[in-house]
Amino acid sequence: MASDKLTTGADAADRTTYTTAPITPGADRLVAFAVNVAAFVQAAPVPSLTGNGLSWTLVQSLASGDRRLSCFVARGAAPQTGSVTISCGDTQQTLCAWSIFSYDAAPGAATTVILGQAVDGPRVAATLSIPQDLGPHTVAVGGLMLDAGQVVTAGPGCTQIDVQSVTQPFAPAATLHTQDRTTPGTVAWTWPINAGATAIVLAVQLPTPVGPQPVDPVATLIRRFEPILHFQAGETTYPSDAKRYLEHSALWQAVKPYDTTTWSKIVPAGQLSGALGEPGKFIGDPVNSVDTPVDERFLELGGWRDRTGTPQAGVGTGTWPNAYANRDEIRSRYASDPDLRDSQFWYHAEYFDTTRLRRLAESVRKPDLSKIVAGPGEPALLCYYLFFPEHEQAVVGASFTAKEVGGYAGQWSCVALFLERPGDQAEYTPQLIGFTGSPTVASIGEAADDEKRVTMKVAEWTPSKPMTTDGHPHLYVSRGSHSFYLDNAAHPVNPFPTAAPVDEGTSDGQYTEVLDNPDPLIFLIKALAGPVGWIAAGIELAQNGAVETGLSGTPDRVPDDTATAGGVTVHPANVAPRNDWTKPQGWRAAQAQVVNGRQYDFIVDRAAQPFWPHDNGRSGFRGRWGPRVEGDRLPRRAGMRFPDFWKLFLDAVEDGRNRDLLPK
């Protein structure tokens, strides 16, 4: 689809603010803006944009010497006619060039940075090529900045939108070129004389053409194996849409060493956006999503509680005011807020085809995971991601701290199916099933994430296990911890990993508060014994009552197969509930569902949905899905990061094969 060019221009005057010609953006059209500014001597700052009654979102900004290329987007139901103001703050610039154009993007469509690239050093001639694998109904949009006035030629398959060359005597010169491409391939430019170059490429999702559409085979595959989840009686938290959780949360930054003095709120609650062009601060902006070795981002919904259980709305003062996430407030929000309440019983699903799965497996240096997916057929992995707004994992004890020792906000779980087929025209058949939860003594393959927050267990898919209905696997979910099992028996749980770190036990007295009426003499003897004694005391604590059940029941009584009374059963909409399923609830997960002007999808697209970590290991949201807390050095009470579930699955398969528990 060709772009709709709104205006273009350049100004070689020394200014801090530049103004474009008036434009009239179309209603609900995605407006893209490429701007190039140059400062004399000092580095050009990131500009800001205002105008047309729109909220202009920075997608990407790259500097090259004293020049800077920035890309913004905006979208509104009723834009106003007027000029766009480009502000560089208090820093005077020597020139500015701009190009503004728009697309009839899909409702709620996200625009994602595919790649930004800078080329340094003299070049007699050069081509700056950015690989671009376009999905259906997608256009690639590229902006190029050169540090000299040049004649630029659009690459093969690309269509020029605009070119501006601007110079000022005895000052920097620059060229701004914009183009797009609607077919798969590369976004490339050529120019005749050596120059430094910087480029940004976006992917814009276009509306699905009107008329009969081909059936999406990925959506069909996902629906074919939707899991049936049996929740334990008394469960209060269910899988929910992660995007809606993000939109209601505040975004924080924490700087190493991550204590509360380094926490700062970046975006207030209710002002985050999960998709470009939707209201709020875009999570895909690198300022909001990208962690570094010395700082990280985290989401916060509901605030904190101190060591006595008293709610804390923000960073408090005194003794441990931010020790625990306020899980009670999170549950209250999901019960009272219609948007959050309606977002429950949702999952996100991701399909890893053979090519991608093998590429990811080969990226792991050790162990060799590529042999797992190197068969003669076409292996694939289908992951169902279940986001729980809060997680509870207590130890024996009546105190508030005993209940909260493993409680946190923002839990990710996964059910994964390893599929195979002899060729691309054949149907997939399940070979293995993976499911996450607490570490157990199960005799199947297991693997834990880097923070040991979640364990992936993998079992062989057989005619009798898992139990299925119309091909949909049944899984049983323990209350609070949301661990998945293939049966509704009681399952012993291993102690928390690294049960008692010396620094935590001695610094905040965690274990003296958590222990339920401990024998003071025995505990004192252990404490006086030094670090070894603290570890022994902590192990004793973690082992107390370390049992959770797949369904209603107690450690000394395994519930019957039908002991699901009182628990919710979540099932595919096309599967009729059986008589022994209590409180049946159909999955609400949908594709391209629009609510209050925002779009929600259940199929994961990491390029278009920047709240997922990208395969490139750099972009996408990589922070925590719940708040950081004080004194959490394991960590155990801070929000989870989204794990690489594909790797956990393959690691668990490797473990099971090494122990002769899974077929090779």
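What the table below lists for this structure:
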{"read-out": "Among residues of the range 401-431, those that are under 20 Å from LEU357 (Cβ atoms), out of contact with any Pro (no Cβ under 9 Å at 6 or more places or on another chain) and not acidic (Asp, Glu), counted", "value": "6"}
{"read-out": "Residue list for the range 368-377, filter: farther than 20 Å from CYS414 by Cβ and either modelled with pLDDT of 95 or more or of a type outside the set (Asp, Glu) (or both)", "value": "SER370, LYS371, ALA374, GLY375, PRO376, GLY377"}
{"read-out": "Check on PRO321, at pLDDT below 90 and in contact with a strand residue (DSSP E or B) (Cβ under 7 Å, 6 or more places away or on another chain)", "value": "no"}
{"read-out": "Qualifying position, being modelled with pLDDT of 95 or more, in the same structural domain as PRO376 (by TED's automatic domain parsing) and either assigned to a loop (DSSP other than H, G, I, E, B) or crowded, with 23+ Cβ neighbours inside 10 Å (or both), among ALA442, ALA409", "value": "ALA409"}
{"read-out": "Count of the range 418-439 residues which are assigned to a loop (DSSP other than H, G, I, E, B) and buried (at least 17 other Cβ atoms within 10 Å of the Cβ)", "value": "3"}
{"read-out": "Selection status of PHE101, at pLDDT below 80 and either outside any loop (DSSP other than H, G, I, E, B) or polar (S, T, N, Q) (or both)", "value": "no"}
{"read-out": "Condition met for VAL46 (in contact with a Ser or Thr (Cβ under 8 Å, 6 or more places away or on another chain) and crowded, with 20+ Cβ neighbours inside 10 Å)", "value": "no"}
{"read-out": "Residue count for the range 321-342, restricted to those that are farther than 24 Å from ARG637 by Cβ and among the polar types (S, T, N, Q)", "value": "1"}
{"read-out": "ARG479, sole failed condition from (1) at pLDDT below 95; (2) touching a Leu at 6+ places or on another chain (Cβ under 8 Å)", "value": "(2)"}
{"read-out": "Only listed residue being closer than 27 Å to GLN585 by Cβ, among the aromatic types (Phe, Trp, Tyr) and either free of Cβ contacts under 8 Å to residues at least 40 places away in the same chain or in contact with a strand residue (DSSP E or B) (Cβ under 6 Å, 6 or more places away or on another chain) (or both), chosen from PHE387, PHE418", "value": "PHE387"}
{"read-out": "Odd one out for THR198, checked against (1) under 15 Å from LEU144 (Cβ atoms); (2) out of contact with any Ser or Thr (no Cβ under 6 Å at 6 or more places or on another chain)", "value": "(2)"}
{"read-out": "Elements of type strands (runs of 3 or more DSSP E) contained in the range 228-335, each with 3 or more residues being surrounded by fewer than 20 Cβ atoms within 10 Å (Cβ to Cβ) and within 23 Å of the chain's Cα centre (by Cα)", "value": "264-267"}
{"read-out": "Selection status of VAL37, under 25 Å from GLN599 (Cβ atoms) and within 33 Å of the chain's Cα centre (by Cα)", "value": "no"}
{"read-out": "Residue count, the range 263-288 (criterion: of a type in the set (S, T, N, Q) and touching a residue at least 24 places away in the same chain (Cβ under 8 Å))", "value": "2"}
{"read-out": "Matching residues in the range 74-92 - criterion: being assigned to a loop (DSSP other than H, G, I, E, B) and either over 14 Å from VAL46 (Cα atoms) or small (Gly, Ala, Ser) (or both)", "value": "ARG75, GLY76, ALA77, ALA78, PRO79, GLN80, THR81, SER83, VAL84, GLY89"}
{"read-out": "Residue within the range 229-236 that is under 30 Å from GLN205 (Cα atoms) and in contact with a strand residue (DSSP E or B) (Cβ under 9 Å, 6 or more places away or on another chain) present", "value": "no"}
{"read-out": "Which listed residue is assigned to a loop (DSSP other than H, G, I, E, B), of a type in the set (Ser, Thr, Tyr), out of contact with any Asp or Glu (no Cβ under 7 Å at 6 or more places or on another chain) and in the same structural domain as VAL141 (by TED's automatic domain parsing), from SER70, SER55, SER61", "value": "SER55"}
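Residue-wise test of (1) under 19 Å from GLY280 (Cα atoms); (2) of a type in the set (A, V, I, L, M, F, W, C); (3) surrounded by fewer than 18 Cβ atoms within 10 Å (Cβ to Cβ).
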| residue | (1), (2), (3) |
| --- | --- |
| GLY53 | yes, no, yes |
| LEU58 | yes, yes, no |
| ASP66 | no, no, no |
| CYS71 | yes, yes, no |
| ALA74 | yes, yes, no |
| PRO79 | yes, no, no |
| VAL84 | no, yes, no |
| SER87 | no, no, yes |
| ASP90 | no, no, yes |
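The values are calculated or read from the model by the stated rules, or taken from the named source; none is laboratory data. Since we're looking at a predicted model, the values are computed, not measured. Glycine also receives a Cβ, built like all others from the backbone with ideal geometry; neighbour counts cover every protein chain displayed.
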